[in-house]
1. For residues that are assigned to a loop (DSSP other than H, G, I, E, B) and of a type outside the set (Gly, Ala, Ser), scanning just the range 272-301, find the one that is farthest from Val161 (Cα to Cα).
2. Name the residue, out of Val241, Val161, Val140, that is more than 20 Å from Arg285 (Cα to Cα) and at pLDDT 95 or above.
3. Which count do you get for residues in the range 86-127 that are among the aliphatic types (A, V, I, L, M), over 19 Å from Asn176 (Cα atoms) and in contact with a helix residue (DSSP H, G or I) (Cβ under 8 Å, 6 or more places away or on another chain)?
4. Could you tell me whether Pro174 is outside any helix (DSSP H, G or I) and farther than 18 Å from Ala110 by Cα?
5. Please state which one of Glu290, Glu281 is over 20 Å from Lys143 (Cα atoms) and out of contact with any helix residue (DSSP H, G or I) (no Cβ under 8 Å at 6 or more places or on another chain).
6. Do you know which residues across the range 218-244 are among the acidic types (Asp, Glu) and surrounded by fewer than 18 Cβ atoms within 10 Å (Cβ to Cβ)?
7. Please go through the range 184-213 and pick out each residue that is under 19 Å from Leu86 (Cβ atoms) and either out of contact with any strand residue (DSSP E or B) (no Cβ under 6 Å at 6 or more places or on another chain) or in a loop (DSSP other than H, G, I, E, B) (or both).
8. Output the residues belonging to the range 171-212 that are surrounded by fewer than 21 Cβ atoms within 10 Å (Cβ to Cβ) and either charged (D, E, K, R) or in the same structural domain as Pro20 (by TED's automatic domain parsing) (or both).
Amino acid sequence: MPLDRLAVLAGRSWRSSDLPGGLTNHNVRVVSDDDGPPLDLVVRCSSSDAGLLGIDRDHEHANTAAAATAGVGAPVVEYRPDLGMLVIGYLRATALEDASFEDVDVMSRAADACRRLHAGPRFVNDFDMFARQAGYLASVQEKGFPLPATYTDHADAWADVQRALAAAPRPTVPCNNDLLAANYLDDGDRVWLIDYEYSGNNDVCFELGNTSTECDFTPEQTEAWTTAYFGSATRADLARVRLQALCSQYGWSLWGFIQAATSPIDYDFHAWGMHRFEKAEATFRGPDLEGLLRDVGGGTS
């Protein structure tokens, strides 16, 4: 790994250590051990072409910088696309776990972090899960990757969800779009948001719905989470968050199936995708979908 080619490390003495996590990149912490100005950095190293997954590293870099300007992300120190490296400041904070959100104070800080990101500088690109799902599905089918036998059975219901959300559109704002628990870092006073590989301007309810499903919120937690963000949650807010959680499940499950077929990483991506698909299928076939489609058009007040 050519860390010594980074300008920020030129002429410096430093040590590095691997950081956990990262299913599409390798993260390394680098700390200086000389007499110069102290350095404490994270180097995000892209290990392969992420074209099938729709990752644009230039967008990731620009949006990471915008998130830092919003006061919610780590500062960008150096970007070396030729090396596949993005260097950011290390945040002295602890990654959340799913159970962390049971603490109302943690949930409140996390919701505040989302609001700060969403109020910050607009990102350089847009994110639309319907377009992404279509692209992922086309790739899976064209390349013959394994797919659950019933995945496409829900195409009509998926179209109904798209129409319902489009009929009551909301403005798009800068969103991370991949806020699982580990991408929230809590220092006890505020929460920071990391990992902007899939970032883009989007509906805030996708951000909220994505977290609610990634962190396996109960219905009561989803309502509390929606309320923590909006201050008070309407029936339309809750319906939109739940429908966008469905969008997250159905769309991101394909990410798992693509990774299962292509990634060299020793990880059960198929099980990852099936967990999300099975949740989506339960909603598609469950008793609540019709009401959610109806309620999402009920306005915001």
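The values are calculated or read from the model by the stated rules, or taken from the named source; none is laboratory data. The shown structure was predicted, so the numbers you read here are calculated from the model rather than taken from an experiment. Virtual Cβ from ideal backbone geometry, glycine too; neighbours counted across all protein chains shown.
1. First pass over the range 272-301, keeping only residues assigned to a loop (DSSP other than H, G, I, E, B): 286-288, 296-301.
Remaining after also requiring of a type outside the set (Gly, Ala, Ser): 287-288, 296, 300.
Values: Pro287: 15, Asp288: 12, Val296: 10, Thr300: 18 Å.
Here the residue is Thr300.
2. Values: Val241 fails: more than 20 Å from Arg285 (Cα to Cα); Val161 fails: more than 20 Å from Arg285 (Cα to Cα).
So the residue among Val241, Val161, Val140 that is more than 20 Å from Arg285 (Cα to Cα) and at pLDDT 95 or above is Val140.
3. So in the range 86-127, the residues among the aliphatic types (A, V, I, L, M) come out as 86-88, 91, 93, 95-96, 99, 104, 106-107, 110-111, 113, 117, 119, 124.
From what's left, over 19 Å from Asn176 (Cα atoms): 99, 104.
If we keep only those that are in contact with a helix residue (DSSP H, G or I) (Cβ under 8 Å, 6 or more places away or on another chain) too, we end up with 104.
Residues meeting the conditions: 1.
4. On the way: outside any helix (DSSP H, G or I): yes; farther than 18 Å from Ala110 by Cα: no.
When the stated conditions are applied, Pro174 does not pass them.
5. Values: Glu281 fails: out of contact with any helix residue (DSSP H, G or I) (no Cβ under 8 Å at 6 or more places or on another chain).
Of the residues listed, the single one that is over 20 Å from Lys143 (Cα atoms) and out of contact with any helix residue (DSSP H, G or I) (no Cβ under 8 Å at 6 or more places or on another chain) is Glu290.
6. The first filter runs over the range 218-244 and keeps only residues among the acidic types (Asp, Glu), leaving 220, 223, 237.
Passing the criteria: Glu220, Glu223.
7. If we filter the range 184-213 for residues that are under 19 Å from Leu86 (Cβ atoms), which is where we start, we get 185, 192-200.
Residues satisfying the conditions are Leu193, Ile194, Asp195, Tyr196, Glu197, Tyr198, Ser199.
8. Within the range 171-212, Asp186, Asp187, Asp189, Arg190 meet the criteria.
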